[in-house]
Amino acid sequence: MKLKGKIAVITGAGAGYGMSRGFPAVYAKEGADLVLNYFGDDPEKMGEFKKELESYGSRVICQEGDISRPEVAEKLINTAIEEFGRIDILLNVAGISNPKLLVDMTLEDWNRMLEVDLTSCFLTCKYAVPHMISQRFGRIINLSSQIAQKGSVEHCHYSAAKAGLIGFTKSLARELGQYNITVNCIAPGPIETQLMGVVSPEWRKQKESELVLPRFGDLEEILPTAVFLAAEPDGNLYTGQTLGPNLGDVMM
């Protein structure tokens, strides 16, 4: 198991099927103990998900709350330290999707997107990084999107937040390299998750036509990237990078 003995904090780790569920599951299967943030999910479903993760032999702690709020992010990190004494991996998955044309977008739409998809990452890193510096080790992985790199109709706010995440990742990687802490992004292409349920059929058809590999990806096809970046020695030399399991939608 590639993450045996590691402590991983994961945001946006909801109990619903899809990307949010996949990352905790693959980390648990690889041996990590988990501290999970979730928001808006049915507590009973989250309890069932926790039991599923524990069946792999992992210790799992779940905390509910809006991770874009400073007090929630600080409590999440403090819980990991109090319960496990360290944080080895911080995986920022929390995100929302709210497709709208710019002319229909409100300031509230814009601000909420940046809060959840960008500010939450700033907050978790702010509270986790001092602990990683003191232990001289850490793996920070931020979930961006290929839309950050090429743009998309009805996604100005989403593109801005996810592009900001890439810039944030590069700068933080330069700050933390001296402490043996790596900071990277994963920018998936279109993946079959519950978030795809909010896009229009027209958008989906257009997106499929743009892909070099002309299909949407499955969740299981991007999860190994999150393990690779967190594991040793696999991810040791990667920092400030944006890895793109995107079906050829963006070529760097």
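One residue alone among ILE67, ILE77, ILE61 is in contact with a His (Cβ under 8 Å, 6 or more places away or on another chain) and either among the hydroxyl-bearing types (Ser, Thr, Tyr) or modelled with pLDDT of 95 or more (or both), and that residue is ILE77. Is it the case that TYR56 is in a helix (DSSP H, G or I) and among the hydroxyl-bearing types (Ser, Thr, Tyr)? Here the answer is no, as TYR56 does not meet what is asked.
Residue under question is GLU115, and the condition is that it be assigned to a helix (DSSP H, G or I) and either open to solvent by 10 Å² or more (accessible area, probe 1.4 Å) or in contact with a helix residue (DSSP H, G or I) (Cβ under 9 Å, 6 or more places away or on another chain) (or both); does it hold? Yes, satisfied. Here PRO130 clears all of (1) loosely packed, with under 15 Cβ neighbours inside 10 Å; (2) touching a Leu at 6+ places or on another chain (Cβ under 8 Å) except the condition numbered (2).
Of the set (1) assigned to a helix (DSSP H, G or I); (2) farther than 17 Å from ILE96 by Cα, all apply to LYS162 but (2). Scanning the range 118-156 for residues that are among the small types (Gly, Ala, Ser), in contact (Cβ under 8 Å) with a residue 40 or more places away in the chain, assigned to a helix (DSSP H, G or I) and touching a Lys or Arg at 6+ places or on another chain (Cβ under 9 Å) turns up just one, SER120.
The values are calculated or read from the model by the stated rules, or taken from the named source; none is laboratory data. For clarity, every value in this text was computed on a predicted model and none was experimentally measured. Because the Cβ atoms are built from the backbone with ideal geometry, glycine has one as well, and the counts that use them run over all protein chains shown. Note: areas computed on protein heavy atoms with side chains; ligands, DNA, RNA excluded. Shrake-Rupley method; radii C 1.70, N 1.55, O 1.52, S 1.80 Å.
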